[in-house]
Amino acid sequence: MLQEFADLLVYQGLGLVPGSTLGGAINFFVYDSIKIFLMLTIIIFGVSILRSYFPAERTKKILSHKREFYGNIVAALLGIVTPFCSCSAVPVFIGFIESGVPLGITFSFLISSPMVNEVALVMLWGLLGWKIAAIYILSGVTIAIIAGYFIGKFQLEHLVQDYVYEMKVGDTEITDQSFAERLQYARDYTKEILKKVWLYVIIAIGIGGFIHGYAPEDFLVQYAGKDNIWAVPMAVLIGVPLYSNAAGVIPIVTALIQKGMSLGTALAFMMAVTALSFPEMIILRNVLKPKLIAIFVAILAVSIIFTGYLFNIII
Amino acid sequence: MKIEILGMGCTKCNTLEDTAKQAVKELNIDAEFVKVKDIKEIMKYGVMTTPALVVDGVVKVSGKVPSKDEIKAMLQ
């Protein structure tokens with residue numbers, strides 16, 4: 001149905017010739033944009049309703065004094081549904097530590113929360129299919145579990161800024177919302193996210209469409225194909241400064257995959273974009289000593305590079 | 001009335017402050033505004049998601065910017 005609408009608009013409405021390069025590119029652009037915005041609206045709305053049942057205060061109570069490994073799994077899963085923005089990373093970190101959430105489990109949450117988010121999920125699902133979206137989520141959660149587990153094992157509690165342990169956090173009650181309030185929250189949240197990402201999505205789908213229509217086939221095979229051993233670490237390096245902008249990166253990555261970038265390299269790149277964010281490191285500097293930030297980045301980078309190589313080998 | 005805006009200086013904190021100031025003006029009430037930026041002070045309220053709005057020492061909302069009408073309801 002969407003395809004018919006795009007055909008009607010582009011070939012009848014704009015009078016472009018079906019099968020021409022320009023007509024094809026614009027048709028592709030219209031179809032993808034409508035599809036992505038429909039999916040973003042529906043899925044973000046659904047996820048926000050789910051999220052309203054898991055405020056950070058409740059997640060904190062669930063994770064408090066959990067055993068390692070089992071706790072890491074729960075934390076990584078809760079990271080998907082707990083609303084989180086990097087501007088709240090510091091209070092969330094302090095709140096967790098203060099209420100007895102072990103350090104490694106806190107990290108599992110801090111890794112999974114930005115990496116596995118609904119915007120990335122929609123973009124991957126809509127543009128690359130549900131299988132790749134599922135691979136991304138599974139690898140993201142696995143990385144969060146393992147990286148958090150190791151940070152816990154290394155016993156790095158002394159590398160947290162000392163004041164964190166001296167803090168007294170007031171207790172807030174979790175107010176129960178009515179379903180109408182949850183709907184209201186979901187509506188506001190969906191509007192907020194769409195407002196934030198729409199321009200990036202349109203520009204990125206436009207660039208993706210341009211690459212799709214005009215770049216020669218296989219032009220990336222030599223640089224980003226399976227056989228270039230440096231492609232994965234390079235992709236991670238390039239991904240770090242493009243922080244947390246899944247909406248703007250995934251449409252372009254989709255086009256690059258069609259032009260010969262291998263899937264493992266693409267996954268590593270997208271994970272570096274969402275999980276290794278430079279501003280978040282600066283924010284975390286408030287609660288972590290530099291050495292712990294370095295260890296955190298190193299463990300995360302190694303896990304992401306490993307995941308990239310793994311999928312380059314098995315797919 | 002004492003109104004505190006909790007947050008470490010994100011853009012949403014400024015939006016919340018502006019909205020709250022408008023609400024106060026429209027309700028024509030006397031209120032003192034304080035911006036709390038120090039993380040230790042913020043944590044004393046048990047708030048984990050910013051920005052947060054505190055009215056006379058009570059946390060009214062955290063983690064989102066409520067609409068002007070919602071703030072008005074909290075102030076009355």
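Below, the figures for the structure above:
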read-out: Qualifying lysines (Cα of each under 23 Å from Cα of A:Lys196; at least 8 residues distant if same chain); value: A:Lys35, B:Lys12, B:Lys64, B:Lys68
read-out: Rg over Rh [alpha-carbon atoms, Kirkwood Rh] for the range B:2-75; value: 0.93
read-out: Theoretical FRET efficiency, 1/(1+(r/R0)^6), r = Cβ-Cβ of A:Tyr70 and A:Phe306, R0 30 Å, to 0.05; value: 0.85
read-out: Prolate/oblate/rounded call for the range A:198-315, Cα gyration tensor, a/c under 1.5 rounded; value: oblate
read-out: The protein assembly as shown: C-alpha gyration tensor shape, a/c 1.5 cut-off, then a/b vs b/c; value: oblate
read-out: Amide proton proximity set for B:Lys60, modelled H, under 5 Å, gap of 5+; value: B:Leu53, B:Val54, B:Val55
read-out: Whole-Å distance, taken between Cα centres, linking the range A:1-20 and the range A:270-299; value: 46
read-out: Simple label model, 7 Å out from Cα along Cβ direction - B:Cys10 to A:Gln222, nm; value: 4.5
read-out: Mean shadow area of the range A:1-53, taken as a quarter of the surface of its Cα convex hull (nm²); value: 3.9
read-out: Lysines with Cα under 21 Å of A:Lys259, excluding same-chain neighbours fewer than 8 positions away; value: A:Lys131, A:Lys226
read-out: B:Asp38-A:Ile203 FRET efficiency (beta carbon distance; Förster radius 35 Å; 0.05 resolution); value: 0.35
read-out: Sites excluded, chymotrypsin sites (Phe, Trp or Tyr not before Pro) in DSSP loops with at most 15 other C-beta within 10 Å, longest stretch of chain A; value: A:54-153
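FYI, it's all coordinate maths here, none of it is from the lab. Quick caveat, the model's predicted, so the values are computed rather than measured. FYI the Cβ positions are ideal-geometry reconstructions off the backbone, even for glycines, and counts take in every protein chain you see.
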